[in-house]
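Notes to accompany the following structure.
The values are calculated or read from the model by the stated rules, or taken from the named source; none is laboratory data. On a predicted model such as this, the values are computed, not experimentally measured, just so you know. Every residue, glycine among them, receives a Cβ derived from its backbone with ideal geometry; neighbour counts consider all protein chains shown. The accessibility values were calculated without ligands, DNA or RNA, using every heavy atom of the protein model including side chains. Shrake-Rupley method; radii C 1.70, N 1.55, O 1.52, S 1.80 Å.
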Amino acid sequence: MGEIMVVTLINPDGHVRVPIYHHVAVATGSRQVHLAGQVAWNENGELVAPGDLAGQVAQVYRNVARALDAAGATFHDVVRFTWYAAGWKREMYDAFNAGIEQAAREFDLATPPLALIGVDILFEPGILVEAEVTAIID
């Protein structure tokens, strides 16, 4: 029996293609998984990669992977990633992408819809990014 796809990712015709995400996710599962804001802390609550945006993005993905696994989900069950970036400037985009590329070497990532929202500050000084994640599982 073939694998049932719970999440289908779509780029509508006429939309710009963005390498790190799709514009639409269609979910058919029966259970929702909502991850609270994930930051670049390790298991001891210590900030990983202070001052390094790429390193913090990669650590957030590690934390998301653990949280998804605890819920019985994977990155392929994710329907939405919402990122918050402290002091966001367009020049930070390459470092943000480098963090995603580092995470892609560690994990089998999908490319669900993604939003990146610039904010003045996050939970505490030094935290450069935070992600909220929604997944659907059957």
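Quick rundown of the values:
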{"quantity": "Some residue of segment 99-107 being out of contact with any strand residue (DSSP E or B) (no Cβ under 6 Å at 6 or more places or on another chain), over 19 Å from P19 (Cα atoms), open to solvent by less than 30 Å² (accessible area, probe 1.4 Å) and not aliphatic (A, V, I, L, M)", "calculated": "no"}
{"quantity": "Yes/no for A85 being closer than 21 Å to P19 by Cβ, of a type outside the set (K, R) and either within 12 Å of the chain's Cα centre (by Cα) or open to solvent by less than 70 Å² (accessible area, probe 1.4 Å) (or both)", "calculated": "yes"}
{"quantity": "Hits in segment 1-51 (condition: under 16 Å from I137 (Cα atoms), of a type outside the set (D, E, K, R) and open to solvent by 100 Å² or more (accessible area, probe 1.4 Å))", "calculated": "I4, M5, Q32, H34"}
{"quantity": "Tabulated pairs, segment 29-41, first over 16 Å from R66 (Cα atoms), second part of a loop (DSSP other than H, G, I, E, B), C-beta under 6 angstrom, 6+ apart or interchain", "calculated": "G29/V6; G29/D138; S30/D138"}
{"quantity": "Residues of segment 79-98 satisfying the condition of being in a loop (DSSP other than H, G, I, E, B) and among the charged types (D, E, K, R)", "calculated": "K89"}
{"quantity": "Long-range neighbours under 9 Å by Cβ, at least six apart or interchain, first residue of a type in the set (K, R) within segment 86-99, second surrounded by fewer than 16 Cβ atoms within 10 Å (Cβ to Cβ)", "calculated": "K89/G118"}
{"quantity": "Any hit, segment 56-78, residues being touching a residue at least 40 places away in the same chain (Cβ under 8 Å), assigned to a strand (DSSP E or B), farther than 28 Å from I10 by Cβ and hydrophobic (A, V, I, L, M, F, W, C)", "calculated": "no"}
{"quantity": "Selection from segment 1-45 of residues that are of a type in the set (D, E) and either in a strand (DSSP E or B) or touching a strand residue (DSSP E or B) at 6+ places or on another chain (Cβ under 7 Å) (or both)", "calculated": "none"}
{"quantity": "Segment 66-80 - residue that is in contact with an Asp or Glu (Cβ under 8 Å, 6 or more places away or on another chain) and either open to solvent by less than 30 Å² (accessible area, probe 1.4 Å) or of a type in the set (F, W, Y) (or both) and, of those, farthest from A115 (Cα to Cα)", "calculated": "L68"}
